[in-house]
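Peer 1: Quick one: the structure is below, and I'll ask about it shortly.
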Amino acid sequence: MKKRARIMNLFYVPAIILFTVFVIYPLMKGVFLSFTNWNGYSQTYKMVGINNYIRMPGDQNVRRAFINTIILGDYYDSLNL
């Protein structure tokens, strides 16, 4: 029975690899990049720590994006009724 269980556990390996490559790695990379000043195009960046998060509440673009997300969510939610 243990041999069969070991063989069945091998079926999990491809799913775990795919999950790691397509979910875990991008998530961790995004968290890392959020602590840098990388602009998305250049090959260089500098660590700025938590400064990005401190500046976020006062940024007009962040506020606009938040408002747009709420409006869009309300619009699609009203379509589901």
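The values are calculated or read from the model by the stated rules, or taken from the named source; none is laboratory data. Because the structure is predicted, anything quoted here is derived from the model rather than measured. Note: ideal-geometry Cβ built from the backbone for every residue, glycine included; neighbour counts use all protein chains shown.
Peer 1: Return the residues of the stretch 50-66 that are surrounded by 11 or more Cβ atoms within 10 Å (Cβ to Cβ) and either in contact with a Gly (Cβ under 9 Å, 6 or more places away or on another chain) or assigned to a loop (DSSP other than H, G, I, E, B) (or both); say none if nothing qualifies.
Peer 2: Residue satisfying the conditions is ASP59 alone.
Peer 1: When the residues of the stretch 29-45 are filtered to those that are over 18 Å from MET56 (Cα atoms) and surrounded by fewer than 11 Cβ atoms within 10 Å (Cβ to Cβ), which remaining residue is modelled with the highest pLDDT?
Peer 2: As a first pass, look at the stretch 29-45 and keep what is over 18 Å from MET56 (Cα atoms): 29, 41-45.
Those still in the list that are surrounded by fewer than 11 Cβ atoms within 10 Å (Cβ to Cβ) too: 29, 41-44.
Details: LYS29: 97, TYR41: 93, SER42: 92, GLN43: 92, THR44: 93.
Going through the qualifying residues, I end up with LYS29.
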